[in-house]
1. Under unit Cβ charges (Lys, Arg +1; Asp, Glu -1), what dipole magnitude, rounded to 20 debye, does chain B have relative to its Cα centre?
2. At residue A:53, label 7 Å along Cα→Cβ: distances to the other copies, nm, ascending?
3. Could you work out how far helix B:98-114 tilts from the main Cα principal axis of chain B, as a 0 to 90 degree angle to the nearest 10?
4. About its Cα centre, how strong a charge dipole does segment A:75-114 have in debye, to the nearest 20, once Lys and Arg get +1 and Asp and Glu get -1 at the Cβ?
5. Placing +1 at every Lys and Arg Cβ and -1 at every Asp and Glu Cβ, with all other atoms neutral, what dipole size does the protein assembly as shown have around its Cα centre, in debye to the nearest 20?
6. Which one, A:91, A:25, A:77, has the greatest fluctuation when you compute a Gaussian network model over chain A with C-alpha springs under 10 angstrom?
7. Compute the helix-to-body angle for B:48-69: its Cα long axis versus the longest principal axis of chain B, expressed 0 to 90° and rounded to tens.
8. Going toward the positive end of the dipole of segment A:11-94, with +1 on Lys and Arg Cβ and -1 on Asp and Glu Cβ, which of A:46, A:65, A:29 do you reach last?
Number of protein chains: 2
Amino acid sequence: METDRVMRSMLFDFYGELLTDKQREYFDLHYNEDFSLAEIAEQSGISRQGVWDIIRRAEAAMTEIEEKTGLIKRFAEQSEALARIKTELDELDKITDGRAKELVRSVSEKLEILK
Amino acid sequence: METDRVMRSMLFDFYGELLTDKQREYFDLHYNEDFSLAEIAEQSGISRQGVWDIIRRAEAAMTEIEEKTGLIKRFAEQSEALARIKTELDELDKITDGRAKELVRSVSEKLEILK
């Protein structure tokens, strides 16, 4: 199954440090720095197919880690809950004043940092 | 360095599924189910030292993963921010009424689930 762009970026953010140096480097060059397989192949002196195999293995390794740990899924669920909380805080901000409004804004700011 | 009880429990929660079956089983029996090394050794037919080596390697593997990814640290920082938010929400709960109090309670409940 094709991993979509967002998921691929989260996999690298969460688990990139668990890859081998080469896997991490080629994956990063290709997906984050937008280098083509041919360009990476030329720079590194291996075949285009060799580069692709390493990148594919990197993605498979990170996908397997996520399937086992479910940590990205856990974070994503938190983010959804935080988004729902944000909606309620926006309403609260409209109907409060004085100290209450101050507290609502302070909570909202802390939640922004969490996202 | 000795990993404390809370950290060990978080390591297992986050990364236990990345261990080998044997590492996970012995680690769980010893630290979560409170079996002694001698008891596990007897059940599994290997030496007490053998059991301990496997458990130690399990902990070292999970510690290394955390050192590389920092995901438990990231979660812990979120939890601290959530605790600070909770304090402000408790104050808000005291000084609001009507619809505002309703919203404050709804936000508090959602935060409880996140923890």
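The values are calculated or read from the model by the stated rules, or taken from the named source; none is laboratory data. The shown structure was predicted, so the numbers you read here are calculated from the model rather than taken from an experiment. For neighbour counting, all protein chains shown are included, and Cβ atoms are generated from backbone atoms with ideal geometry for every residue, glycine included. Please note that ligands, DNA and RNA were not included when accessible areas were found on the heavy atoms of the full protein model with its side chains. Shrake-Rupley method; radii C 1.70, N 1.55, O 1.52, S 1.80 Å.
1. Result for chain B is approximately 320 debye, rounded to the nearest 20.
2. Spacings between copies for this position, smallest first, are 3.4 nm.
3. The helix B:98-114 is inclined about 10 degrees to chain B.
4. Numbers: 7 positive and 10 negative charges, 27 e Å.
In total the dipole reaches around 140 debye.
5. The calculated dipole for the protein assembly as shown is roughly 340 debye.
6. A:91
7. Orientation of helix B:48-69: about 40 degrees from the principal axis.
8. The one lying farthest along the dipole's positive direction is A:65.
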